[in-house]
Amino acid sequence: VKSYPPALVRLIAAFEDFPGIGEATAERLALHLLKQPPAYAASLSEAVSAARAQIRSCRVCFNVSEGELCPVCADTARDRTTVCVVEGPRELLAIERAGVFSGVFHCLLGRLAPAEGVREQDLTIDALRQRCGKGSVREVILATNPNLAGDATALAVAQALSGTSVVITRLARGIPAGHTIELLAGNVLEEGLLHRVAIGGSGRAATASANVAPQRGAQ
Ligand SMILES: [Zn+2]
């Protein structure tokens, strides 16, 4: 016998499609699954189907959502003049959990990775440009991860918005290089937001602290 039964091969192949999962891990996951009681597989497959059916992208910011608008966009108390641009829902949630930002978000749904076939048009940059062209957005904070791909992505977003009137800022470099937004402690995120810097300018953004919790109302 040179290979597993076809149904198992198919299951392994499905796991292998996950990011960061290689053949050996996929094989281990599939065999693990088959050791569990049948009810486990049924519940897993039901959870996958339910999430797929019930979760969609927020119409405005592309965050994961059960309704047309995600909870952030549906919250009328949020400041819609400041948009924090993140790579995806994980980074959005990390900033939400830090509790230091009262503006709204825009999820790019990825980062530029030409080697993996992710190009600018695969991200939601065009939707962001349209959002910023409507006049109500004053500042866009680029909060992509502080690594090569994140920097390249931030640059592409900044270039795409260069024709609009929004002020473009970036999280301060107090964010340790190589870290990811989702793993940063709340106080580090807060520092990064408070001391964000204008892109293309020399100083800090004039509005820098307006939408970060401790300084709210100080303007
Ligand atoms: Zn939203």
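The values are calculated or read from the model by the stated rules, or taken from the named source; none is laboratory data. Keep in mind the model is a prediction, meaning the values are calculated, not measured. Using ideal geometry, Cβ is built from the backbone for each residue, glycine included, and neighbour counts are taken over all protein chains shown. Surface accessibility is based on the protein's heavy atoms, side chains included, excluding ligands, DNA and RNA. Shrake-Rupley method; radii C 1.70, N 1.55, O 1.52, S 1.80 Å.
Descriptive notes on the structure:
- Relative contact order (percent, whole number), the chain, Cα cutoff 8 Å, 6+ residue spacing: 15 percent
- With at most 13 neighbouring Cβ atoms within 10 Å, loop GluC sites (Glu not before Pro) (DSSP) excluded, longest segment of the chain: 69-219
- Antiparallel content of DSSP bridges confined to the chain, in %, to 5: 35 percent
- Anisotropy class of region 25-67 from Cα gyration tensor, a/c 1.5 cut: oblate
- Loop-located trypsin sites (Lys or Arg not before Pro) in region 43-144 (DSSP state not H, G, I, E or B) with no more than 10 neighbouring Cβ atoms inside 10 Å: LYS134.
- Accessible surface computed residue by residue for the chain, with neighbouring protein chains in place and a 1.4 Å probe, gives 57 Å² per residue.
- With helices as the sole contributors, the chain gives -11500 deg cm²/dmol at 222 nm; each DSSP H run of n ≥ 4 counts as -39500 (n - 2.57), and the sum is divided by every residue.
- Only one residue of LEU155, VAL166, LEU184 has its Cα farthest out toward the positive end of the dipole of the chain, where Lys and Arg carry +1 and Asp and Glu -1 on Cβ, and that residue is VAL166.
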